[in-house]
Amino acid sequence: MTLNPRLIALCITLFLASALITLSLKSTHHTNTWLPSVRPGDKAPPTQLQRPLNAPKVAYATFLAANANPDAKPTDEESEAINDEDDGYFLGTRVLAYQLLHSRTAGTNNSIPFLVMCTEDVSKRKRNRLKKDGATIVLVQKLEAEWVNPANGRWRDVLAKLRLFQLTEYSKILFVDADTLVTKPLDGVFYDEATLTQATSANPAQIKDDEAALPRTYMFATHGDFWGYEHPYPPDANLDYLNCGFFVFTPSKVLFEYYLSLLKLPGRFDPGFPEQNLLNYAHRRDGNMPWKPLWYGWNVNWPTENDWRGGARSFHAKYWDGDPSHDPLLKAIWREQRAEMEGFYTGRDLALGGH
């Protein structure tokens, strides 16, 4: 049988065209960001990444100081004996770690680390427990200023939160207070438009000679304080006073030094809410580094069932205490999360041979 030369030429042409198309596809930018899907149970190849190449390094974070509860047990061993019921912030931190790292309904889908910034007087037992829970412990020294006297004793060490701005190995950090209920994943907050880097303004009327220099750029995004449960959902977007129980920022040594300079100026801000009022002054809406509003659904302070039914993802309130003003539905959800957390860690500790 004699082969038709035209047919042979057509086959060669089609082969060359197919090879050229394949080579073209492999050389496009898509190879930098495309990630093959992996079924549950499959072992990912060593080269596979959780995020695209050159993705920013982000983290969740909270703050934990020594137990400031006036009813705290005299020793850490006595506190452990009552399952740490006297230390609500420690319990809240454990629940938050479970929600962000392990919960099937609220946990991170991108293996984002959870940092717990601890003052040095947080007991080693509690720090080790949080490590076992999956948290990354960041031990820090306290920040103090003689003229800063908080309105409540449990806020005596909160200025140490500002040391988060020294963690410049991260491009973005979401700070979440330990007294927060999370019901849906928060990973998307790092892509919120408000978390884009901003150029610092240079309005001379807002530049003070006794304050340190401002950074050339910054990022500080949060939401306003409602000051009560009587608020609509969606809430009013025109709020000037920020609540620092939930905020996203870019760490900056220059910005940290600026904050330190404010602590050296008695009366520059109201010390009743130490770190919150410092940040309100530093990022005032008419200043050179105004805070940017996040999407209202990421977090609600003074939360109600209406906020939850409206689609909010996290809720700021101390659900471990007996405050009758707390929304009963949200408090019940937090207690369920606590029970789920305890069951999860008990089972895992037993499987690992722990106690």
Discussion item. Can you give me the long-range amide H partners of Val138? Hydrogens built in the peptide plane at 1.01 Å from N, cutoff under 5 Å, separation of 5 or more residues or another chain.
Written reply: Val116, Met117, Cys118
Worksheet, complete the sentence: Charge tally for neighbours of Val116 with beta carbon under 11 Å away, counting Lys, Arg as +1 and Asp, Glu as -1, is +4
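What number comes out for the charge environment of Leu294, summing +1 per Lys or Arg and -1 per Asp or Glu over other residues with Cβ under 13 Å away?
Values: positive: Lys172, Lys292, Arg313; negative: Asp192, Glu193.
Around Leu294, the surrounding residues sum to +1.
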Discussion item. Below 13 angstrom from the Cβ of Ala151, what's the summed charge of the other residues (Lys, Arg +1; Asp, Glu -1)?
Written reply: 0
Worksheet entry | trypsin sites (Lys or Arg not before Pro) within the stretch 69-145: DSSP coil, no more than 15 neighbouring Cβ in 10 Å | Arg104, Lys142
Discussion item. Between the stretch 195-247 and the stretch 290-355, what is the separation of their alpha carbon centroids in Å?
Written reply: 25 Å
Worksheet item: For the peptides 241-247, 257-263, what is the packing order when you average, over each peptide's residues, the other Cβ atoms within 10 Å and list the highest mean first?
Response: 241-247, 257-263
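Coordinate-derived values only; no laboratory data. Bear in mind that the values here come from a model prediction, so they are computed numbers and not experimental data. FYI the Cβ positions are ideal-geometry reconstructions off the backbone, even for glycines, and counts take in every protein chain you see.
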